[in-house]
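Visitor: One structure is given below, represented as structure tokens, and several questions about it will come after.
The values are calculated or read from the model by the stated rules, or taken from the named source; none is laboratory data. This one's a predicted model, so the numbers in the text were calculated from it and none came from an experiment. Counting neighbours? That spans all protein chains shown, and the Cβs are built from the backbone with ideal geometry, glycine included. Calculation scope for accessible area: heavy atoms of the full protein, side chains included, ligands and nucleic acids excluded. Shrake-Rupley method; radii C 1.70, N 1.55, O 1.52, S 1.80 Å.
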Amino acid sequence: MHKQSKIPIAGKGVYKLSDNYIYHIQTMPTDKEIFIVTSQRVMYITRSYWTDSYKIQWEYVWSAMTRHPKIKQNGISLYGKHNDNLRRWWCFKVKQSNVRLILISDPELCSWIVDKISELMESDDPDMKSTQSSNVSLINSLDD
């Protein structure tokens, strides 16, 4: 129903072995920020202007999500476990929020994504569960 072509593949295909692609959407008018839903996780990636490579900004495997996503006026809120690890920016430490807002203007699409994520979170299928998480670079690939 809501599929797009030309998806980024994580870590030269490392997630290709563990995750099944569900959906992705470009969240900004440019194609530099992408929200991806797979069978094992949600992730938010950005594409480098200079190198055209992809980097995961954050991700939640289903076990790291503390409650089901909620539809908001301007998108979807996702709720993850608080991460005590602090991200470094230069010489400062920056705490990351455990609530992520995905900007999506289409209410019907928001509803579909929330339903799909909730379904995946509740799945008893062991193949749908993963504790894998990493900050690997992404590349743009046309391979399936």
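Visitor: Around Val42, with a cut-off of 12 angstrom between Cβ atoms, what is the net charge of the other residues, counting Lys and Arg +1 and Asp and Glu -1?
Guide: Result for the neighbourhood of Val42: +1.
Visitor: What ³J(HN,Hα) values, in whole Hz, does the Karplus curve 6.51 cos²θ - 1.76 cosθ + 1.60 give for region 61-66 when θ = phi - 60°, with x put for Gly and Pro?
Guide: These are the phi-based 3J(HN,Hα) values: 6, 4, 5, 8, 8, 7 Hz.
Visitor: Moving on. With every protein chain left in place and a probe of 1.4 Å, what is the accessible surface of Ser48, to the nearest 10 Å²?
Guide: Its accessible surface works out to 40 Å², give or take rounding.
Visitor: Another one. At 1.4 Å probe size, put Asp19, Asp52 in order of accessible surface, largest to smallest.
Guide: Asp52, Asp19
Visitor: If you rank Leu78, Leu103 by how much accessible surface each has, with a 1.4 Å probe, what is the order from largest down?
Guide: Leu103, Leu78
Visitor: Among 54-64, 35-45, how do they line up from the highest to the lowest mean number of other beta-carbon atoms within 10 Å?
Guide: Per-residue mean Cβ counts within 10 Å order the peptides as 35-45, 54-64.
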